[in-house]
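One structure is given here, and the rest of the page talks about it.
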Amino acid sequence: RWWTSSVIILALLLSYGKNADWITSFFIDVVPLYNKFRAVTSIQVLIELCVPILAVIGLWQYFNEKNTEETKAKALKYAGIIVGGFLLILITLGGQLFDFASAMDQYYMDSDQLGIGFVDALRDDRFEVMRADALRSLLIVGVIAGALFLLLKKKLSENLVLVIAGIVILFDLVSFDMNYVNSDDYVTASEYDNAHRKTPADDIAMKDAQAGDHYRVYDLLLNPFNSGRAPYFHKSIGGYHGAKPRRIQELSEFYLFDDNGIAPIGRENIEILSMFNVRYVIDTEETGYVAKENPMAMGNAWFVDSLKTVSSDNEEITGLSELNGNQLAVIQQSQKELLDLTTTHADSTASIQLVDYDTQRLVYRSSNTQEALAVFSEMFYPYGWKATIDGSETPIARVNYTLRGIKVPAGSHEIVMSFEPQVVKTGSNIMLGSNIMLLLIILGGLFYTFKKNS
């Protein structure tokens, strides 16, 4: 009970966040990786684990014949009084103990349409929610405590008490979960299959993909970086996720957004879209939805003629304003040294084509009479991606702030990019070794038991 109780209290304090800033700040500053939590309330999963463990152990001790009836009666009395008394305090005095204030209350008070009356009503509602939950919890505690008391008086059997506990747990889980998942959350199969309405512009933008081409679509019908509409139909630039990839977010804010929201398409941002191989831009005009084809789309990969070498991230992102098709790439000095790159040149017949596409393996065929830097319209990610040229591994550098680049020697070559993260291999080996050890322990235990019985 000591370690479970300690974990429950610690997790509860940490879940308060800035409301218990003394411990939250300590963990954020000192404990490794703790600052990676997106929400401090995530730590409450430890409570969800430890409370049932504590409850199961408590029931086992209560059912155990080694404990005297006096010990069981004393434990039941203290548990009922402590928990029930705490709930009664919340029900009767909760309004005086807590102010039920929120960080947003001041905003509501300052609003001309809402004001202090709205905030007072909102706080009353918060108290009522807390009191309703406390009453519900008190009912559950009362039923369980009553069943255990009747077991102690030999009025109920252990099996019947377990059935009662199971029914109460099921009622608790289902009734509480119905607050979040109920009939309003279910839709028909046709609604599910048509979560987003396809427009004629989508059909136009999809026709090349249906023929086997790989390219991206920039959808301006909604915010392209906060909507799931475009990824529903197309390979897109953007989409929605709670955690944004940092560099693509910075790039979009720098070139694709303005003070009024999404920036209109101009020379600078069309170059950014083109380097991400955006072939179609979906937008609206007076005639309706349109899919505008981008003739400047760079394709899946290309060779560049010249380099702009910079020394910092700021210089690199601002240097993208000088892009001009496949004529130029912007690269930091450290990345250039990684490739051991001195010059780059693409002749008029140079080409690099994507011949096989998979999420974890991309195969290209290249041809060029001179050594050159090849830029790939894929996000640079340093962990796990490997590149080979004719089977020999070669380093991948970050180019144009976000993309991948490798040095390709003169001639015709096969280039393969594959995702092989070492952490997955290490984890798989650990899991395999652990499973083998577990199997040996089980077989050893069975052999020992069989031999002992013999």
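The values are calculated or read from the model by the stated rules, or taken from the named source; none is laboratory data. All of these numbers come straight from a predicted model, not from anything done at the bench. Quick reminder, even Gly has a Cβ in these numbers, built from the backbone with ideal geometry, and neighbours come from all protein chains shown.
On inspection, Ser252 fails the criterion of being among the hydroxyl-bearing types (Ser, Thr, Tyr), in a loop (DSSP other than H, G, I, E, B) and surrounded by 17 or more Cβ atoms within 10 Å (Cβ to Cβ). I'd like to check something: does segment 189-200 contain any residue that is closer than 30 Å to Arg279 by Cα, of a type in the set (A, V, I, L, M) and modelled with pLDDT under 95? Yes, segment 189-200 has at least one match. For segment 364-423, the strands (runs of 3 or more DSSP E) that sit wholly inside it and include 3 or more residues that are surrounded by 15 or more Cβ atoms within 10 Å (Cβ to Cβ) and modelled with pLDDT of 95 or more are 372-379, 385-389, 397-399, 403-408, 411-419.
Just give me the residues in segment 29-70 being more than 31 Å from the chain's Cα centre (by Cα) and either surrounded by 12 or more Cβ atoms within 10 Å (Cβ to Cβ) or within 13 Å of Ser15 (Cα to Cα) (or both), in sequence order.
Those that are more than 31 Å from the chain's Cα centre (by Cα) and either surrounded by 12 or more Cβ atoms within 10 Å (Cβ to Cβ) or within 13 Å of Ser15 (Cα to Cα) (or both): Ala55, Ile57, Gly58, Leu59, Gln61, Tyr62, Phe63, Asn67.
The number of residues in segment 257-277 that are assigned to a strand (DSSP E or B) and closer than 17 Å to Arg247 by Cβ comes to 1. Residues in segment 129-147: is at least one touching a Phe, Trp or Tyr at 6+ places or on another chain (Cβ under 7 Å) and assigned by TED's automatic domain parsing to the domain that holds Ser6? There is no residue in segment 129-147 that is touching a Phe, Trp or Tyr at 6+ places or on another chain (Cβ under 7 Å) and assigned by TED's automatic domain parsing to the domain that holds Ser6. Does segment 4-25 include one or more residues that are over 30 Å from Ala101 (Cα atoms) and part of a helix (DSSP H, G or I)? Yes - at least one qualifying residue is present in segment 4-25. Restricting to segment 219-240, give me the number of residues that are in contact (Cβ under 8 Å) with a residue 24 or more places away in the chain, within 19 Å of Gly266 (Cβ to Cβ) and in a loop (DSSP other than H, G, I, E, B). Looking only at that region, the number is 5. The single condition among (1) exposed (fewer than 13 other Cβ atoms within 10 Å of the Cβ); (2) in a helix (DSSP H, G or I) that Val143 does not meet is (1).
The set of residues from segment 261-293 being surrounded by fewer than 20 Cβ atoms within 10 Å (Cβ to Cβ), closer than 25 Å to Lys198 by Cα and touching a residue at least 40 places away in the same chain (Cβ under 8 Å) comprises Ile262, Asp283, Thr284, Gly288, Tyr289, Val290. In the list Ala55, Ala79, Ala75, which residue meets the criterion of being in a helix (DSSP H, G or I), under 29 Å from Arg136 (Cβ atoms) and either in contact with a Leu (Cβ under 6 Å, 6 or more places away or on another chain) or touching a residue at least 40 places away in the same chain (Cβ under 8 Å) (or both)? Exactly one residue qualifies, and that residue is Ala79. Among the residues of segment 179-213, those identified as within 28 Å of the chain's Cα centre (by Cα), within 21 Å of Ser227 (Cβ to Cβ) and assigned to a loop (DSSP other than H, G, I, E, B) are Val187, Asn194, Ala195, His196, Arg197, Lys198. Every listed requirement among (1) more than 36 Å from the chain's Cα centre (by Cα); (2) in contact (Cβ under 8 Å) with a residue 24 or more places away in the chain is met by Met130 save one, (1).
Here Leu156 passes the criteria (1) assigned to a helix (DSSP H, G or I); (2) surrounded by 12 or more Cβ atoms within 10 Å (Cβ to Cβ); (3) not small (Gly, Ala, Ser) except the one numbered (1).
Name the single residue that is farthest from Thr388 (Cα to Cα) among those in segment 327-358 being in a helix (DSSP H, G or I) and in contact (Cβ under 8 Å) with a residue 12 or more places away in the chain. Only one residue tops the list, namely Gln327. Those residues that are among the polar types (S, T, N, Q) and within 24 Å of Ala230 (Cβ to Cβ), I need them from segment 280-328; list them, please. Across segment 280-328, the qualifying residues are Thr284, Thr287, Asn294, Asn300. Considering (1) among the small types (Gly, Ala, Ser); (2) part of a helix (DSSP H, G or I); (3) touching a residue at least 12 places away in the same chain (Cβ under 8 Å), the lone condition that Ala243 does not fulfil carries the number (2).
Hey, can you tell me all the residues within segment 2-23 that are among the polar types (S, T, N, Q) and either under 28 Å from Ala55 (Cα atoms) or touching a residue at least 60 places away in the same chain (Cβ under 8 Å) (or both)?
Within segment 2-23, the first condition is being among the polar types (S, T, N, Q), and the residues that meet it are 4-6, 15, 19.
Hits for segment 2-23 are Thr4, Ser5, Ser6, Ser15.
Within segment 82-137, being aromatic (Phe, Trp, Tyr) and within 30 Å of Ile169 (Cα to Cα) holds for Phe86, Phe98, Phe100, Phe127.
For Glu158, the requirement of being at pLDDT 90 or above, of a type in the set (D, E, K, R), touching a helix residue (DSSP H, G or I) at 6+ places or on another chain (Cβ under 7 Å) and in the same structural domain as Pro52 (by TED's automatic domain parsing) is met.
Could you tell me whether any residue of segment 323-331 is assigned by TED's automatic domain parsing to the domain that holds Arg404, modelled with pLDDT under 95 and either touching a His at 6+ places or on another chain (Cβ under 6 Å) or at positive phi (or both)? The answer is yes; a qualifying residue exists. Considering Tyr186, Tyr180, the condition of being farther than 30 Å from Ile144 by Cβ, exposed (fewer than 12 other Cβ atoms within 10 Å of the Cβ) and not hydrophobic (A, V, I, L, M, F, W, C) is satisfied by Tyr186 alone.
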